[in-house]
1. Can you send over the solvent-accessible area of Phe392, 1.4 Å probe, protein chains only, in Å² to the nearest 10?
2. What ranking do 110-122, 69-81, 364-376 get when scored by the average of other Cβ atoms within 10 Å per residue, highest first?
3. For Arg197, list long-range residues whose amide hydrogen, built 1.01 Å from N in the peptide plane, is under 5 Å from its own amide hydrogen.
4. For the chain, find the longest principal axis of its Cα atoms and tell me its angle to the long axis of helix 355-369, 0 to 90°, nearest 10.
5. What accessible surface, in Å², does a 1.4 Å probe find on Lys219, ignoring ligands, DNA and RNA and rounding to the nearest 10?
6. Note the listed values (1) 29; (2) 55; (3) 59, then indicate which one is percent of Cα pairs over 39 Å apart calculated from this particular structure.
7. With the Cα gyration tensor of the range 139-262 giving a ≥ b ≥ c as the square roots of its eigenvalues, does the rule (a/c under 1.5 for rounded; else a/b larger than b/c for prolate; else oblate) give rounded, prolate or oblate?
8. Could you do me a favour and compute the accessible area per residue for the range 230-386, 1.4 Å probe, result in Å²?
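The values are calculated or read from the model by the stated rules, or taken from the named source; none is laboratory data. Just so it is clear, the structure is predicted and the values come from calculations on it, not from any experiment. Note: ideal-geometry Cβ built from the backbone for every residue, glycine included; neighbour counts use all protein chains shown. Just the protein is used for accessible areas: all its heavy atoms, side chains included, with ligands, DNA and RNA removed. Shrake-Rupley method; radii C 1.70, N 1.55, O 1.52, S 1.80 Å.
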Amino acid sequence: MATLLPPPKRQKVYHGIPEPEPEPPKLSRNILVRFVSEDDGSALAPAVNLPADVSREGLEVLLNKLTKSDEPVPFSFHVDCPEDAAPGPTRIVISKSIQSDILNHPIHADSFTEEDVFVVRCSPQSVFRVRPATRCSASLSGHSSPILCASFSPTGALLATGSGDATARLWDLNTETPSHTLVGHKGWVLCVEWEARERILATGGHDGHVRLWDPKAGKPLGDALKGHTKWITSLTWEPIHLNPTSPRLASSSKDGTVRVWSTLTRKVEYTLGGHTASVNVVKWGGGGTGGFGLKKGVLYTASSDRTVRVWDADNGRQLHVLKDHAHWVTTLTLNTDFVLRTGPFDHTGKRPVNDEEAQQMALKRYTAVLATSPELLVTGSDDHTLFLWSLFPSSVPTTDTAPSQGKLKPITRLTGHQRQISHVVFSPDGRWAASSSWDSSIRLWEGRTGKFVATLRGHVGAVYRLAWSADGRMLVSASKDATVKIWDLKTYKLKVDLPGHTDEVYCVDFVADKVVSGEEISMLKCESFLLVLDSCLDCAVRWKN
């Protein structure tokens, strides 16, 4: 018996009209693309002709082939907006393809044609990737007053918090449980700072005292360091690449002075007394690697006397006075902050076996950041503006450390905020700077030129603090509106909104694979970050404690 064939498929009919034939896919036209470095604008490869709908991943593979990289490097791509473009971001990030992100852009599509030569600026990215937090993994309770400061240890294994209850607390983040309660201050604990090898924790209080603690035992290392006559506003440690054995500690105070303490003798080495009002921030930088005669680095201090001063950390001699701000200078950041804070610890999880190895590892990380840029400084003020400074250009090494003659000029003035600047921070690689303000907005700037990039809007209250993810792809913000938000720097949009707090969030910090935020009602919200292998498996790595 012969097999019967099934009847032909009945054609669909819509109101008596047959279904129209599907349109063939529209072929994408070819465009001319030139890849240039975001750092200096130099060409990375010859101009190539390729279809406009090539995906971002395809552009990354093509660039690695053209540059003949031994190991594939992840890149981010963007095209600068025309100068006469509408207000908004100054660049278009290529997240899908040139066709969908530029030629089909709802605003800038008319500014580009398929006949143009597309100058695609390329920026290398970290080889590891951080997955954004989506939930609260733990609420760490214990403090009985508002949490005023929080800081992760360089490896991310421990967390230190300071509170208005006159105590500091240590938390083990492997178990998310309290470790030790540090009792000794007679007033609010206003700042906590880890030594870059995680051996000592320093705290500063409203009582004007600085205390050192053993984080393993939770015990004080001797008596309080006394000398300031008013409360402590900021602490900073000497970088490990300059002094790996016994780094010194600098403290700034409301009394208008900065004191540099020896952790060996527990005495003041010298006092910086040039400011005439409260010193709000002190940072210990390296000053560059060009041989400036700065054997122990430099100290940067920002004050309510409207000045920023730069000091030789070896002997306390004043090098520069920066007087461009018109109001209190309340915040400053260095493009080397992240590597100075984490010292020899990086994403590979390798631990130094001795001081010499720690110094070499820390110096390697420090020089890597300065490979394309000198040590840069951004200062923020209550005059609603920021300034970008380059005081030690690495391309002009000199041994002359005499104070400069005349008025130092900043690279540029960063304007746009409508109220006081609350915080400014560089990204881990120094390519970006982010500033927050009492105007409820966050602004992104190019770290080397100070050029405005984009405004991040979403908070409905003052934004108090910012912190970058370790891969530099995300930004975390804490606000008066009782929320913590994670921003995607590819789209300049809100990525994750982390509710859970019920009052103002005063502090947020990020290092390794954790982000933590502290609020006024004394609860600590700890969000877990998971690290994901990059698409390049032989290059991808993950944090290890």
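1. My reading of the accessible area for Phe392 is about 10 Å².
2. Order by mean packing, descending: 364-376, 69-81, 110-122.
3. none
4. Taking the Cα atoms of the chain, the angle to 355-369 is about 50 degrees.
5. 130
6. (1)
7. The shape class here is oblate.
8. 35
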